[in-house]
Structures are given as structure tokens and as C-alpha cells.
1. Would you compute, from DSSP H runs of 4+ residues alone, the mean residue ellipticity of the chain at 222 nm, taking -39500 (n - 2.57) per run and dividing by the full residue count, rounded to the nearest 500?
2. Sticking to Cα atoms, compute the Rg of segment 87-213 to one decimal and its Dmax as the biggest Cα-Cα distance, whole number, in Å.
3. Round to a whole angstrom and tell me the spacing of the C-alpha centers of segment 102-159 and segment 9-34.
4. What per residue convex hull volume, in Å³, do the alpha-carbon atoms of segment 1-98 yield?
5. Which of the helices in the chain, when you take each full DSSP H run, stretch at least 20 Å along the axis at their Cα atoms and have an average Kyte-Doolittle score of -1.0 or higher?
6. For the chain, set up a Gaussian network in which alpha carbons nearer than 10 Å are linked by springs, and say which option among SER185, SER77, SER108 fluctuates the most.
7. Is there a quick way to get the dipole size of the chain? I mean about its Cα centre, with the Cβ of Lys and Arg at +1 and of Asp and Glu at -1; what is the value in debye to the nearest 20?
8. Evaluated at 37 °C with a viscosity of 0.692 mPa s, what Stokes-Einstein diffusion coefficient in µm²/s does the chain have when Rh comes from the Kirkwood expression over alpha-carbon pairs?
Amino acid sequence: YASMEPAKEVGGDFYDFYLIDDDHFAMVVGDVSGKGVPAALFMVITKTLLKDTAEHEHNPAKIFEHVNKILCEGNESGLFVTCWMGILSIKERELCFVNAGHNPPILSHAGNVDYIKTQANLMLAGLDGTKYTEHKIKLDKEDLLFVYTDGVTEATDANNQMYGEERLLEFLKNNKTNDVKESLSLVRKDIDTFVNGIDQFDDITMLELYLKG
């Protein structure tokens, strides 16, 4: 399940999830720099390129390298995209993923809840020829994967304090549920409690996967 709430009428955040074939399930969360219509158009292009490329390529690093090359061509607006993409082999329970300058996801696995700590590569549309690194982890039954954009952790209260990565992690540790729709709703309510009426200044996007097994 996923949700996206733009800060303005149109946003630059995006998410996607879909079966590539009977065994491969793709998940994407991204955030385009800038706001308004230009960012929204760039978002649509990026999302479409990622899905089209994944139809014939199951390595997310190669997907990013191909999409990055196209996005860098004629990018007069100077926009860029932070993005996380994972492709899960359902049969093997192996998740292959790549991170282009994006926030690290949080994984609940074997009773432990923590960030998936890997070195992020350069964002998409930043530099032609950028190489991306594929990472692999094994998932198990009842694992939860939470992917989000910086609108979550950078939500700010009246004292200019940010919600932050630590509060997000502690909240997910203390509010475990395999109902992913409820989980995202609970996180959003905690963000609203924290900001206490301050206007949302950035898109807030969240995606969560629960592996039934």
C-alpha cells in the first residue's frame, strides 16, 4: 500500500508498484527537485521510463543507468530525482534494490526494526554516465519494508524542529502492524501531531510492503 499527499495542487513525488512477471515485483519511490508543474511533468516522465525499462530488465542498477542517461539528455530545467527502486523475487524472497540519493528505507526483519544502511548513489538526471550499485537482501515471512520521501522526516513544527529519522524509526518500532494501510495512516497522524497545525511544505509519500509468505 502507498500514499502520496502533495504540498501544492501538483507534486513532484511519486510511487509505483507492479508485477513485472509472475515472480518479480517492483517498488519505486521518488522525489523530483522543485515544485509545481515542471516537477510534476518530470515526475511523470521518470515514472514512465522506470516502468517501461523494467519490462525487459530486472536489474535495478541497470534500469537506473538507462533512465538516468535519457533524463540527462536535454535537461534544460536542471531538475533531478532522488529515487529508490526494489525488485523482489517472490519465489526466492530476495530483494534487489538501488538508491539514487534517496532516504534509506526501514526494514522490520526477525524482530529488528532499522534503516537499510547502504551508500546511496547520485540522484537520477544529475550526471550522465553515473554508475549505480545493486544491493541484495533476503526477506522472510512477516517482514515489513517502509519506503518514504523526505517530506516525512523533514516535516517541521512551529519551532523549526524536524520530525526526523529517529522519531520515525521509534514510531515504527512501537507501532508494528501488518495492516499496511493502517500503518501509513498512523505515521501520518503522528506527523500531524508533531507539526501541530503548521502547513505542509513538502510532498509526503510513503509505501509499505508486508510479506505474507
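What follows draws every value from the coordinates through simple rules; no lab data is involved. This structure is a prediction, so every number in the text was calculated from the model and none was measured. Neighbour counts are summed over all protein chains in view; Cβ atoms, including those assigned to glycine, are modelled from backbone coordinates with ideal geometry.
1. Numbers: 5 runs with 63 residues, N = 213.
So the calculated ellipticity at 222 nm is -9500 deg cm²/dmol.
2. Rg, Dmax (Cα atoms, Å): 15.7, 48.
3. Measuring centre to centre over Cα atoms gives 13 Å.
4. Values: hull volume 8.6 nm³, N = 98.
Cα convex hull per residue, to the nearest whole number: 88 Å³.
5. Working: long enough: 36-54 (27 Å, 1.00); 180-195 (23 Å, 0.15).
Going by DSSP H runs, the hits are 36-54, 180-195.
6. Between SER185, SER77, SER108, it is SER77 that shows the largest mean-square fluctuation.
7. Values: 20 positive and 36 negative charges, 69 e Å.
Roughly 340 debye, rounded to the nearest 20.
8. Details: Rh = 17.5 Å.
Result for D is 188 µm²/s.
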